[in-house]
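Worksheet: one structure, shown below.
The values are calculated or read from the model by the stated rules, or taken from the named source; none is laboratory data. Given the structure is predicted, the values throughout are model-derived calculations rather than measurements. Glycine also receives a Cβ, built like all others from the backbone with ideal geometry; neighbour counts cover every protein chain displayed. Protein only, heavy atoms only, side chains kept; ligands, DNA and RNA dropped before computing areas. Shrake-Rupley method; radii C 1.70, N 1.55, O 1.52, S 1.80 Å.
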Amino acid sequence: QSKAAGRNTLRFFDPAMQAVVSARASLDNDLRIGLKQRQFQLYYQPQVDDAGNLVAAEALLRWHHPQRGMVLPTEFIPAAEESDLILALGDWVLETACAQLVTWAARPATATLCIAINVSPRQFRQPDFVGRVLSVLAASGADPCKLKVELTENLLLDDVGQTIAKMEALKTQGVGISLDDFGTGYSSLTYLKRLPICELKIDRSFVRDILTSPDDASIIKTILTLAHNLGIDAVAEGVESDAQRAFLANLGCKAFQGYLFGRPVPPAEFDLFVERAPADA
Ligand code: C2E
Ligand code: MG
Ligand code: MG
Ligand code: MG
């Protein structure tokens with residue numbers, strides 16, 4: 001201990017630790033400022049059916065930081081999740097996606113598109129989460145049936161009764177529930193059966209090596225069978241090549257998302273993408 005530091009002063013003697021702490025404090029601060037100054041944007045990535053038709057878009061958060069440049073969610077979502085910032089950010093995502101649904105609903109080429117938003121466990125755990133979603137939907141005029149909420153399996157470690165009740169409340173209003181990154185978490189098959197979910201998203205880590213790894217191929221086969229038996233959809237994430245798409249289609253997969261069909265892009269670019277796509281391919 002340093003006497004010079006005095007009794008009431010906390011000092012870091014490990015410069016590496018100090019760097020981590022101050023980097024973290026400045027990230028939190030920047031996130032706060034970023035929300036105020038509208039530095040966030042939702043990008044949209046297409047989801048297609050087995051005929052190649054565009055059916056939905058996943059909203060993916062991007063942060064345009066004045067000095068850091070474009071920051072990807074993997075770099076700031078974990079930090080935001082440790083504080084209440086994720087709640088403000090989550091509300092913003094919900095509002096922005098609903099406004100986008102209304103814009104798309106007004107134009108024939110995009111009228112039937114659904115939007116999937118990612119919801120962090122902390123956000124979903126808010127006692128008034130369902131009320132928030134429904135009031136944003138109502139205020140925006142967006143069709144609840146076109147909104148999907150992507151949750152991760154880890155949420156299923158929470159109180160199952162409450163989780164199911166919230167999911168049911170959303171489902172009753174038409175909002176779809178999708179389990180993201182499926183296969184990487186801890187979900188129990190017993191609970192899965194009880195959950196009112198409409199879709200499993202097969203994690204892209206299984207899709208990546210599907211052509212060369214018999215293990216990954218059989219995991220995907222199992223997930224597809226599971227989804228089929230539960231009567232819900234399965235979407236393959238991270239499809240980058242037509243060979244992967246064909247392999248998945250051959251296993252019975254009917255919905256796809258990945259760079260093969262389109263990268264996440266800002267709304268204006270997504271609109272161009274829609275215009276270029278054949279009207280009814
Ligand atoms: P996710 O929900 O699993 O989203 C899919 C991620 O895979 C996205 O990364 C997307 O850009 C990427 N991806 C899509 N297709 C391909 C592909 O063919 N190849 C490869 N290599 N990657 C592909 P992104 O946008 O960096 O987002 C990462 C994660 O951050 C998301 O994973 C999600 O968990 C989280 N996230 C993104 N937006 C939000 C948000 O608004 N709220 C919350 N709570 N989390 C978000
Ligand atoms: Mg997702
Ligand atoms: Mg995912
Ligand atoms: Mg993921």
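Taking Lys and Arg as +1 and Asp and Glu as -1, the other residues whose beta-carbon sits under 13 Å from that of L155 total -4. Only alpha carbons enter this Debye calculation for region 126-222, each as an equal point scatterer, and the log10 of I(q)/I(0) it gives at q = 0.14, 0.16, 0.19, 0.25 Å⁻¹ is -0.59, -0.73, -0.92, -1.29.
Here's the picture: charge each Lys and Arg Cβ at +1 and each Asp and Glu Cβ at -1 in region 106-248, and of I220, L157, Q173 the one pushed furthest to the positive end of that dipole is Q173. Close amide H pairs (under 5 Å, H built 1.01 Å from N) link G258 with G238, V239, residues at least 5 positions away or on another chain. Straight-line reach only, C-alpha to C-alpha below 23 angstrom: list the lysines that K166 could link to, leaving out same-chain residues fewer than 8 apart. Answer for K166, where 23 Å is the Cα cut-off: K146, K148, K193, K201, listed by chain and number. Each Lys or Arg adds one and each Asp or Glu takes one away; over the other residues whose Cβ falls under 14 Å from the Cβ of L89, this sums to -2. Near Q67, once Lys and Arg are set to +1 and Asp and Glu to -1 for all other residues with Cβ below 15 Å from its Cβ, the sum equals -1. Compared with the dominant Cα axis of the chain, that is its longest principal axis, helix 160-172 is turned about 50°. For region 49-56, 3J(HN,Hα) computed residue by residue from phi via the Karplus equation (6.51, -1.76, 1.60; θ = phi - 60°) reads 8, 5, 9, x, 6, 6, 10, 7 Hz, glycine and proline entered as x. Accessible area per residue for the chain, computed on protein heavy atoms with a 1.4 Å probe, is 52 Å². Once the Cα atoms are used to define both axes, helix 214-230 deviates from the longest principal axis of the chain by about 70 degrees. Report summary: the helix-based calculation at 222 nm, which adds -39500 (n - 2.57) for every DSSP H run with n ≥ 4 and divides by the residues of the chain, gives -14000 deg cm²/dmol. In terms of packing, defined here as the mean over residues of other Cβ atoms within 10 angstrom, the peptides 261-274, 21-34 line up highest first as 261-274, 21-34. Shown in residue order for region 202-211 are the 3J(HN,Hα) couplings computed by the Karplus curve 6.51 cos²θ - 1.76 cosθ + 1.60 at θ = phi - 60°: 5, 4, 5, 5, 7, 6, 3, 9, 4, 6 Hz (x for Gly and Pro). Karplus-derived 3J(HN,Hα) values for region 115-124, using 6.51 cos²θ - 1.76 cosθ + 1.60 with θ = phi - 60°, are 10, 9, 10, 8, 10, 7, x, 4, 5, 5 Hz; glycine and proline are entered as x.
Taking the three principal axes of the alpha carbon atoms in the chain, the coordinate ranges are 73, 44, 38 Å, sorted in descending order.
For the chain, the longest principal axis of the C-alpha atoms and the axis of helix 267-276 are separated by about 20°. What's the carbon and sulfur percent of region 95-223's accessible surface, probe 1.4 angstrom, rounded to a whole number? With neighbouring chains kept in place, the figure for region 95-223 is 54 percent. With distances taken between every two different alpha-carbon atoms, region 7-89 has a Kirkwood hydrodynamic radius of 15.2 Å. Distance between the 7 Å Cα→Cβ label points at L230 and L72: 2.7 nm. Counting protein heavy atoms only, region 226-276 has 50 percent of its accessible area on carbon and sulfur, 1.4 angstrom probe.
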